[in-house]
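S.K.: First the structure, then my questions, so here it is.
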Amino acid sequence: MKIAYYPGCVAQESGRELDMATRWVAKALGIELVSFPSFSCCGSGFVDEANLTLNVAINARNLAIAERAGLDLLTICSTCQGMLTLANRKLDEPSVRARVDPALAKIGVSYRGSVKVKHLLEVLTHDIGLDAIRAKVRRPLRGMKVGAFYGCHLLRPSAELASESGEEPHAFEDLLAAIGADPVMYRGRVMCCGFPILFVKPETANRIAGRQIADAKDHGAHAMATPCPLCHISLDSFQNKAEAAVGRELAMPVFHLPQLVGLALGASPEELGLPRHLVPVDPALAAIGRPASSVPSR
Amino acid sequence: MAAKTISAPIEVYRYDPSRDRAPRYDRFTLEVEPHTPVLTALLSIRNQQDPSLTLRYSCRSAICGSCAMQINSKSRLACQTPIGPEIERHGRLVVEPMRNQAVLRDLVVDQSSFWQNYRKIEPYLKLDPRQPMPEGTPNPMTPAEVDRFHETPRCIACAACYSACPAVESDPAFPGPMALAKLYRFVVDPRDRATQDRLVRIQTEGLWLCLRCHLCTEACPKDVQPSERIRDLKELAIAAQGGTERGSRHAIGFKENIRERGLLQEMKLVRQTDGLAGLAGQLGQGLRIWRKKPETTKRPPAIEDLAQVETLYRELDDPTEGHR
């Protein structure tokens with residue numbers, strides 16, 4: 001399949017390992033990623049707080065770029081997925097159209113509304129399919145207990161996103177099972193990671209992250225996995241702060257979704273950027289009898 | 001014609017803090033029709049099996065908002081939640097008190113923090129004292145004006161949103177989704193004369209602690225969509241005051257990042273939100289991350305056709321304009 005690749009900001013900046021892993025997995029599964037250097041940021045759930053109409057227009061421009069190429073759009077971030085889908089929905093409202101369309105006309109852009117915004121999780125579970133993925137698994141993650149962590153904007157508001165279920169999703173767990181891992185069910189999997197207020201009130205954000213990580217750990221998870229690089233910042237890059245906020249050691253490896261798929265399909269830790277994580281992933285690799293990555297993690 | 005009955009196992013949270021050392025779960029089995037509401041089942045347990053079971057309820061029609069509780073870990077109205085689909089989806093039915101409020105007994109919680117937060121936003125019209133309205137004078141609104149807050153009057157103050165909220169769970173400074181949604185209702189009411197004052201106050205009283213996780217909107221039985229109303233409030237607060245708080249500076253800074261490069265500029269945004277002093281406070285953490293991810297400090301190249309984005313800003317980013 002061929003799809004417009006919308007990496008989002010973080011995967012091009014501090015979360016580059018997510019971009020590496022996505023490209024590796026896409027190649028292995030025959031997904032052709034078409035890049036567009038003119039894509040802008042989705043607004044990340046912040047720009048709409050300052051100006052909703054502007055944010056919808058920015059994303060209408062992004063969607064129009066994919067539409068002109070006749071492609072649907074692939075996201076690898078729960079927040080990008082949420083914001084671009086929200087723009088698609090808002091553009092169904094005539095009052096929003098009435099303000100956005102004239103602005104788009106000034107830059108010679110029009111958007112009919114035909115582009116489907118699909119997160120990698122959906123592409124893997126629906127377009128590629130779990131059977132096809134199972135058939136390509138070379139090194140199943142047998143023995144690794146993984147707590148999926150969805151990220152709010154992939155799930156909610158479910159009425160707006162028309163997501164499978166804001167409350168009881170299972171696509172991520174199904175995917176984890178297909179690559180041989182043992183999905184762990186815990187309350188925190190559909191909760192917030194704290195990221196949206198990480199720079200507003202860090203101690204509260206860290207406490208929220210710490211709660212979810214502790215919940216996964218208490219349910220026996222060796223690792224967590226997330227389809228959102230913003231959750232990854234909160235859960236991995238700031239895990240030391242989360243540990244301090246909840247007053248216990250967590251030492252929880254946190255994978256980006258395509259990193260785990262890549263591991264099962266035979267990629268090396270280096271190809272997936274695992275040494276870039278702040279929390280070493282080696283204990284999780286040890287749980288599936290894989291050697292530690294050659295580059296030390298700390 | 002009666003529907004086929006099912007044998008429903010129900011696990012109910014039991015706790016009397018004055019007597020019990022720890023909560024326990026009592027298991028009851030009931031023969032019920034699948035569409036039977038959880039509340040009806042609980043009342044039947046109380047009437048026929050255990051008169052000590054304690055719960056709040058009144059209207060049984062999703063109007064009074066008394067019977068909010070956790071049903072299979074989700075905050076809902078017991079009178080509005082049929083048993084059959086719950087058992088089908090989860091294989092069990094677990095009934096617990098709401099979260100984020102101390103348990104008084106069994107399914108009854110102490111709602112005082114919820115109501116205190118509500119009172120704090122002063123949920124009543126503030127008219128101009130210098131121009132008191134003569135008794136009996138109508139003060140009409142146009143349909144378009146009413147339409148700006150048509151969701152919020154549906155709120156029945158059941159506290160399901162308060163129970164579902166991770167910001168309430170983690171920070172007592174957050175007033176909760178319902179209080180903020182109600183505040184929005186008064187801020188956009190054209191008759192209210194304290195709009196500006198309300199917006200200024202709430203900025204330092206928890207507005208920017210909302211996580212936008214939308215768990216409140218999922219929990220709300222009346223589709224008030226509190227998370228959307230809080231977003232609306234934030235936009236109004238920025239329009240009124242600009243970037244006076246870290247939260248508003250973060251939103252404005254993000255918007256400026258995109259105008260300049262089309263993309264997020266991670267370090268620059270932290271500086272805009274935190275100020276230089278704040279940045280210095282994060283230095284240790286920044287260095288830790290930078291060692292693994294040196295791109296953090298690099299400025300990303302501008303996107304192609306950035307001029308298009310600049311034009312959209314010129315056309316649509318007029319801070320003096322209303323939002324809805």
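S.K.: Taking the stretch B:36-135, which chymotrypsin sites (Phe, Trp or Tyr not before Pro) meet the DSSP loop condition and have no more than 12 other C-beta atoms within 10 Å?
M.R.: The qualifying sites are B:Tyr124.
S.K.: Between B:Arg130 and B:Arg154, what FRET efficiency follows from the Cβ-Cβ distance if R0 is 45 Å, with the result rounded to 0.05? Intermediate results must be reported in sequence, preceding the final value.
M.R.: Working: r = 33 Å, r/R0 = 0.74.
Result of the calculation: an efficiency of 0.85.
S.K.: Taking 0.36 nm per residue of sequence separation and subtracting the Cα-Cα distance, how much length would be gained by fully extending the chain between B:Ala22 and B:Ala194, in nm to one decimal? Walk me through the numbers on the way to the answer.
M.R.: Values: separation 172, 0.36 × 172 = 61.92 nm, distance 4.71 nm.
Result for the pair: 57.2 nm of gain on full extension.
S.K.: Can you tell me what the convex hull of the Cα atoms of the stretch A:80-152 projects to on average, as an area in nm²?
M.R.: On the way: hull surface 30.0 nm².
Over every viewing direction, the Cα hull of the stretch A:80-152 projects on average to 7.5 nm².
S.K.: For chain A, report the % of Cα-Cα distances exceeding 33 Å.
M.R.: The share of Cα pairs beyond 33 Å in chain A comes to 21 percent.
S.K.: B:His35 versus A:Asp174, label points 7 Å from Cα toward the beta carbon: distance in nm?
M.R.: Result: 3.0 nm between the two label points.
S.K.: Right, something else. Would you kindly work out the equivalent ellipsoid of the stretch A:158-298 from its C-alpha gyration tensor and give its semi-axes, the square roots of five times the eigenvalues, largest first in whole Å?
M.R.: Working through the eigenvalues yields semi-axes of 23, 20, 14 Å.
S.K.: Considering the Cα trace of the stretch A:85-124, what is its radius of gyration and what is Dmax, both in angstroms?
M.R.: Spelled out, the Cα radius of gyration and Dmax of the stretch A:85-124 are 12.4, 37 Å.
S.K.: Taking R0 as 25 Å, what's the FRET efficiency between A:Arg89 and A:Ser110 from their Cβ-Cβ distance, rounded to 0.05?
M.R.: Efficiency, rounded to the nearest 0.05: 0.85.
S.K.: Once you measure Cβ to Cβ distances between cysteines in chain B, which Cys have no partner under 4.7 Å?
M.R.: B:Cys67, B:Cys79, B:Cys155, B:Cys158, B:Cys165, B:Cys210, B:Cys220 - these cysteines have no disulfide-compatible partner (Cβ-Cβ under 4.7 Å) in chain B.
S.K.: Nearest 5 percent is fine: what portion of the DSSP beta bridges confined to the protein assembly as shown is antiparallel? Display every interim value, and only then the final one.
M.R.: On the way: 18 of 40 bridges.
Once the DSSP bridges in the protein assembly as shown are tallied, antiparallel ones form about 45 percent.
S.K.: Add -39500 (n - 2.57) for each DSSP H run of 4 or more in chain A, then divide by its residues: what number comes out at 222 nm, to the nearest 500 deg cm²/dmol? Walk me through the numbers before you get to the answer.
M.R.: Values: 14 runs with 127 residues, N = 298.
The helix-only estimate for chain A comes to -12000 deg cm²/dmol at 222 nm.
S.K.: I would also like to ask the following. From the convex hull of the Cα coordinates of chain B, what is the mean projected area in square nanometres?
M.R.: Details: hull surface 101.7 nm².
Mean projected area of the Cα convex hull: 25.4 nm².
S.K.: Using a Cα-Cα cut-off of under 16 Å, which lysines could be cross-linked to A:Lys90, ignoring same-chain neighbours fewer than 8 residues away?
M.R.: Output for A:Lys90: A:Lys116.
S.K.: Also, quick follow-up: Out of residues 5 or more away from B:Ala8 or on other chains, whose amide H comes under 5 Å of its own, with H placed 1.01 Å from N in the peptide plane?
M.R.: Placed amide hydrogens put B:Leu30, B:Glu31, B:Val32 under 5 Å from B:Ala8.
S.K.: Tell me the Kirkwood hydrodynamic radius of the stretch B:90-241 in angstroms, computed as one over the mean inverse distance between distinct C-alpha pairs. Don't skip to the answer; put the middle values down first.
M.R.: On the way: mean 1/r = 0.0603 Å⁻¹.
For the stretch B:90-241, the Kirkwood estimate is 16.6 Å.
S.K.: Also, quick follow-up: Under 28 Å Cα-Cα from A:Lys217, which lysines qualify once same-chain neighbours fewer than 8 residues away are excluded?
M.R.: A:Lys145, A:Lys201, A:Lys241, B:Lys74, B:Lys292, B:Lys293
S.K.: Then there's this: What aspartates and glutamates does B:Lys120 reach when the alpha-carbon gap must be under 19 Å and sequence neighbours fewer than 8 apart in one chain are set aside?
M.R.: The reachable aspartates and glutamates, counting only those whose Cα sits under 19 Å from B:Lys120, are B:Asp110, B:Glu169, B:Asp171, B:Asp189, B:Asp192, B:Asp197, B:Glu205.
S.K.: Would you mind checking which residues have amide H under 5 Å from A:Leu141's amide H? H placed 1.01 Å from N; only 5 or more apart, or other chain.
M.R.: A:Gly180, A:Ala181
S.K.: Could you work out the per residue convex hull volume over the alpha carbons of the stretch B:179-220, in cubic angstrom?
M.R.: Convex hull of Cα atoms, per residue: 71 Å³.
S.K.: Assuming 0.692 mPa s and 37 °C, estimate D for the protein assembly as shown with Stokes-Einstein, Rh taken as the Kirkwood radius over Cα pairs, in µm²/s. Could the numbers behind the result be given before it?
M.R.: Working: Rh = 25.7 Å.
Answer from the Stokes-Einstein relation: 128 µm²/s.
S.K.: Return the calculated 222 nm mean residue ellipticity for chain B, to the nearest 500 deg cm²/dmol, obtained by summing -39500 (n - 2.57) across DSSP H runs with n ≥ 4 and dividing by the residue count. Before the final figure, lay out the partial values.
M.R.: Values: 14 runs with 137 residues, N = 324.
Here the helix-only value at 222 nm equals -12500 deg cm²/dmol.
S.K.: Once you keep just the Cα pairs under 8 angstrom separated by 6 or more residues, what percentage relative contact order results for chain B?
M.R.: Relative contact order of chain B: 12 percent.
S.K.: A follow-up question, please. In the stretch A:63-208, how does Rg compare with the Kirkwood Rh, expressed as the Rg/Rh ratio over alpha carbon atoms?
M.R.: Numbers: Rg = 18.3 Å, Rh = 17.5 Å.
Rg/Rh for the stretch A:63-208 comes to 1.05.
S.K.: Could you pull the Cα extents of the stretch B:6-109 along its three principal axes, largest to smallest, in whole Å?
M.R.: 36, 28, 25
S.K.: Taking N as the number of residues in the stretch B:261-323, what is its alpha-carbon radius of gyration divided by 2.2 N^0.38 Å?
M.R.: After normalising by residue count via 2.2 N^0.38 Å, the value is 1.47.
S.K.: At a threshold of 8 angstrom on Cα-Cα distance, excluding pairs fewer than six apart, so keeping six or more, what relative contact order does chain A reach in percent?
M.R.: Numbers: 547 pairs, mean separation 56.8, N = 298.
Answer for chain A is 19 percent.
Bear in mind that the values in this text are calculations on the coordinates, not laboratory data. As the structure is a computational prediction, the values presented were derived from the model and not from experiment. Ideal geometry is used to build each Cβ from the backbone, glycine not excepted, and the neighbour counts take in all protein chains shown.
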